[in-house]
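To keep things clear, I will list the structure first and then write my remarks on it.
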Amino acid sequence: MATIFSHPAVPLAVGIALGRGVIPSRLLGFGLLCSILPDVDVLAFKLGIPYGAMLGHRGFSHSILFAILVAVAFRIGSKVGREHPWTTLLFLSFATISHGLLDALTNGGLGIGFFAPFSGRRYFFPADWIEVSPIGASFFSARGMVVLKSELLAVWLPCALVAVLGFALRLQARSVRIPEDKPPG
Ligand SMILES: [Zn+2]
C-alpha cells in the first residue's frame, strides 16, 4: 500500500480543483474516508485469509465493483449528495478506486484485483513510482522516510499541481464572468 497519509491526497486535490460548488465539504470528507477504506482488508491477515485470495489484501476491496458499491452505500445510507446524486456517486467511486490506482504504482506486494470477483488476476501499472509501505512498519524508520519521500514526489506533488491548476482556472472563469454580469453602463 501507499501510506494512509497519501491516499486522501487524490480526492482532496480533485475536491479543491472542482471547488465547493461541485464537491461540498461534507462530500469531500466522505471522499477522504473512501480513499483509505479499501485497506480494511488487512484484517484478512488476522483472519488467516491468504494474500492472493479474492478477499485477501488488495483483492475485492480494491476492485472497481467495490468502489461502486461503497459509493452507492454512502449515497443511500447518508444524507450526503441528495441534491446531486450522480456527482456524489461518481466522486465517491473515484475516491475509492483511486486507492487501488495508487497501490498499483507501488513496487512491492501482490498486484491489485481491479476486476474481482469476476477475475482473480492482480495488476500493477508498468511504472512503480511509489515505494511500497510495509504493513505495520514505523513511519519514523529509515524505510519509512524512503516511502514518504517517494509519495511526496509521486503523489503529493502531482496532486498539488492538479489542485492549484483547478483553483486557478476557477478563479479565471469567475473573473471573466464578472464583467458580463454588470449592467451596461
Ligand atoms: Zn491498499
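Any read-out appearing in this document is the output of simple, stated calculations on the displayed coordinates, not a laboratory observation. Keep in mind the model is a prediction, meaning the values are calculated, not measured. We place every Cβ from the backbone using ideal geometry, glycine too, and count neighbours over all the protein chains shown.
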The base-10 log of I(q)/I(0) that the Debye equation returns for region 9-181 at q = 0.08, 0.16 Å⁻¹, one scatterer per C-alpha, is -0.29, -1.02
Non-local residues with an amide H under 5 Å from the amide H of residue 125, with H modelled 1.01 Å from N and Pro and chain starts lacking one, are 105
Full extension between residue 161 and residue 53 adds, at 0.36 nm per residue less the Cα distance, a length in nm of 35.2 nm
Between the Cα axis of helix 85-103 and the main Cα principal axis of the chain, the angle (0 to 90°, nearest 10) is 40 degrees
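Using just the helices of the chain, give the 222 nm mean residue ellipticity in deg cm²/dmol: DSSP H runs with n ≥ 4 each add -39,500 (n - 2.57), and the total is spread over all residues, rounded to 500.
Numbers: 7 runs with 94 residues, N = 185.
Per the formula, -16000 deg cm²/dmol.
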Descending packing, highest mean Cβ count within 10 Å first, for 100-107, 159-166 is 100-107, 159-166
Net charge (Lys, Arg +1; Asp, Glu -1) of residues whose beta-carbon lies under 12 Å from that of residue 24, residue 24 excluded, is +3
Per the 1/(1 + (r/R0)^6) rule, R0 = 41 Å and r from the Cβ atoms of residue 45 and residue 25, FRET efficiency to 0.05 is 0.75
Expressed in angstrom, Rg and Dmax over the Cα atoms of region 16-95 are 14.2, 45
For region 8-24, Karplus-derived ³J(HN,Hα) couplings (6.51, -1.76, 1.60; θ = phi - 60°; whole Hz; x for glycine and proline) come out as x, 4, 5, x, 4, 4, 5, x, 5, 4, 7, x, 5, x, 9, 10, x
Taking a crude spin-label model, label points 7 Å out from Cα along the C-beta direction, the residue 101 to residue 125 distance in nm is 0.8 nm
Within region 1-100, DSSP-loop trypsin sites (Lys or Arg not before Pro) with at most 16 other C-beta atoms within 10 Å are 20, 79, 82
